[in-house]
Amino acid sequence: MPQGPEGVSEAEPRTAADGAAVAESLSRPQMALVVLYIISAAVYLVWRPGAFNREAPLFSAVLYAAELFGFLTAMLHLYMVRRLSVREPPPAPPGWNVDVFVTTFDEPVDMLRRTLVATQRMDYPHVTWLLDDGNRPEMRALATELGVRYLARTHNEHAKAGNLNRALSVARGEFVCVFDADHAPSRRFLSRTLGYFTDPRVAFVSTPQDFYNLDSFQHRARQGGRLVWNEQSLFFRVIQRGKDMHNAAFFCGTCGVLRRAALDEVGGFATGTLTEDLDTSLRIHQRGWRSVYHAESLAFGVAATDIVPFIRQRMRWGQGAMQVLRRHGFVLFARGLTVAQKLNYLASIVMYFDGWQKLVFYVAPVIVLTTGVMPIAELSWEFLVRFVPYFVLSFWVFEEAGRGWGRALDTQRYDMARYAAFIWATTALIRDRMRFRTTPKVRAADASTAARRFMLPQSAVLALNVAAVPIGLLFYGLQFTPLPLGAVVA
């Protein structure tokens, strides 16, 4: 019996021999819990406007809007992950022409050597290309040494997308496999993914991004635990599999194979965006092509080593998501997508507005303690009997829907780490002058200084809340504020 993420035995999943997705659904008790959560949310959220503090209507409305946003995103999340795909790939047919693109800009030679050697050892015949957007002599020498094809540009127009499109104009393979400079594939990568393309409707096959530097900023390990968990685990282990059931999984820029015909139909990789992978996937889906998510780790790369590259990477993803939102009629109005695909893409984009919601929650206690103004009329039993079940079930359902990969507490910690980055990213809705930056793969010499600068928003929230506690207690003791004892204790 296979082991789940927490070491709990799971039933052997059924698979289809032709590579078709078989659904792994939430159990009946889990679905009953989801229904209970929705009922408790309806009871609480419908009642809440009647409990606004009429003397602080703006504060009350903003906090309620943040709560409502949380519920709506939770519903989108549950819609995505109610059923997860389980697939077994068909055998890869012989004789296909495959080009493997390894992109680089400024990564170290040793890293590229490891990736290129790994790509050469893949067990399906292919041609490996080193696409050097840095136009570096050492990269040319490395390609010559290893016997891979080398292609460089004298300019960096359209960043990674431009680099890939330049390669498409030269290479002639029926299929294109893409790896970032740090992602070294396993020997079986192509033989485990190409078989899906026997279905002529499949445009691309995406696989998880996994990492071998387990001491990175985004990894968290439990003492003596068997689970390797990182901030992207929920996305790659659960969310992408849920999207796959709706034909809405997207290519994540690396560790994927794409059909050349599909790329040609949409004009190559999308340019003018910081997230060419998301935009390209959406355009391909608009043309009626199918996608596959193969949930097997077949390549391993380097995760963000510290908070600085972690924040910069999430900021870039968020800015790119805003560009997609603006370009494609806020997704809901994008032609060619099914309703399910629209909801899946929307769920992945609106998550970046979560930073605003978290800021409201982080600042609300400070306002209450220092001013005595509450966002509800009174802290009563009538409020508690509605709020407490909703609050508890929110966390419980998140854990159940995450199949053990959710880790609500760790997720909250990363929400704090990235909330300001998400807020900044959403400004791309109204400004479009963004610059593509590769994610640093090695720790910078001034990492500590940069980290302190990048943590200023988190430090500010912490300082405000730490200061608000004694101030609130003092004001309550001196009766400077009308806060009831229950509110102060809470």
Regarding the stretch 181-190, can at least one residue be identified that is buried (at least 23 other Cβ atoms within 10 Å of the Cβ), closer than 27 Å to Arg316 by Cβ, in contact with a Cys (Cβ under 9 Å, 6 or more places away or on another chain) and of a type in the set (A, V, I, L, M, F, W, C)? yes
Lone qualifier among Arg192, Arg188, Arg201 - being among the basic types (Lys, Arg) and more than 23 Å from Arg237 (Cβ to Cβ): Arg201
Thr273 is checked against (1) part of a helix (DSSP H, G or I); (2) polar (S, T, N, Q); (3) buried (at least 23 other Cβ atoms within 10 Å of the Cβ) and fails just one. What number does that condition carry? (1)
With the first residue restricted to the stretch 469-490 and required to be under 13 Å from Val368 (Cα atoms) and touching a residue at least 12 places away in the same chain (Cβ under 8 Å), and the second required to be polar (S, T, N, Q) and open to solvent by less than 100 Å² (accessible area, probe 1.4 Å), Cβ contacts under 6 Å at 6 or more apart or on different chains are Ile471/Thr370; Phe475/Thr481
Which one of Asp244, Asp199, Asp210 is acidic (Asp, Glu), touching a residue at least 40 places away in the same chain (Cβ under 8 Å) and under 25 Å from Asp106 (Cα atoms)? Asp210
Pick from Arg314, Arg335, Arg327: which is closer than 22 Å to Thr426 by Cβ, of a type in the set (Lys, Arg) and touching a Gly at 6+ places or on another chain (Cβ under 9 Å)? Arg327
Just name the residue that is farthest from Gln240 (Cα to Cα) out of those in the stretch 337-348 that are of a type outside the set (A, V, I, L, M, F, W, C) and surrounded by 15 or more Cβ atoms within 10 Å (Cβ to Cβ). Lys342
Looking at Ala445, is it open to solvent by 80 Å² or more (accessible area, probe 1.4 Å) and either over 28 Å from Asp106 (Cβ atoms) or at pLDDT below 95 (or both)? yes
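Residues are listed down the side, and each one gets a yes or a no for (1) modelled with pLDDT under 95; (2) in contact with a helix residue (DSSP H, G or I) (Cβ under 7 Å, 6 or more places away or on another chain); (3) among the polar types (S, T, N, Q); (4) open to solvent by less than 40 Å² (accessible area, probe 1.4 Å):
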| position | (1), (2), (3), (4) |
| --- | --- |
| Ala11 | yes, no, no, no |
| Thr15 | yes, no, yes, no |
| Val22 | yes, no, no, yes |
| Ser27 | no, no, yes, no |
| Tyr37 | no, yes, no, yes |
| Ala42 | no, no, no, no |
| Arg48 | no, yes, no, yes |
| Ala92 | no, yes, no, yes |
Quick one: what pairs do we get from the stretch 378-405, first residue over 30 Å from Val228 (Cβ atoms), second among the aromatic types (Phe, Trp, Tyr) and surrounded by 13 or more Cβ atoms within 10 Å (Cβ to Cβ), C-beta under 7 Å, 6+ apart or different chains? Arg386/Tyr44; Arg386/Trp47; Phe387/Tyr44; Tyr390/Tyr44
Looking at Pro94, Pro125, Pro89, can you tell me which residue is assigned to a loop (DSSP other than H, G, I, E, B), in contact (Cβ under 8 Å) with a residue 60 or more places away in the chain and out of contact with any Cys (no Cβ under 8 Å at 6 or more places or on another chain)? Pro89
Condition test on Val302, is it crowded, with 23+ Cβ neighbours inside 10 Å and in contact (Cβ under 8 Å) with a residue 60 or more places away in the chain? no
Kindly indicate which of Met80, Met139 is over 28 Å from Ala167 (Cα atoms), in contact with a helix residue (DSSP H, G or I) (Cβ under 9 Å, 6 or more places away or on another chain) and either modelled with pLDDT of 95 or more or open to solvent by 40 Å² or more (accessible area, probe 1.4 Å) (or both). Met80
Looking at the structure I just gave you, is Thr103 without any contact (Cβ under 8 Å) to a residue 40 or more places away in the chain, surrounded by 20 or more Cβ atoms within 10 Å (Cβ to Cβ) and either under 25 Å from the mean Cα position of the chain (by Cα) or not in a helix (DSSP H, G or I) (or both)? no
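The values are calculated or read from the model by the stated rules, or taken from the named source; none is laboratory data. Everything numeric in this text was worked out from a predicted model, so none of it was measured. So basically every Cβ, Gly included, is an ideal-geometry build from the backbone, and we count neighbours across all protein chains shown. What goes into the accessible areas is simple: the full protein's heavy atoms, side chains included, and nothing from ligands, DNA or RNA. Shrake-Rupley method; radii C 1.70, N 1.55, O 1.52, S 1.80 Å.
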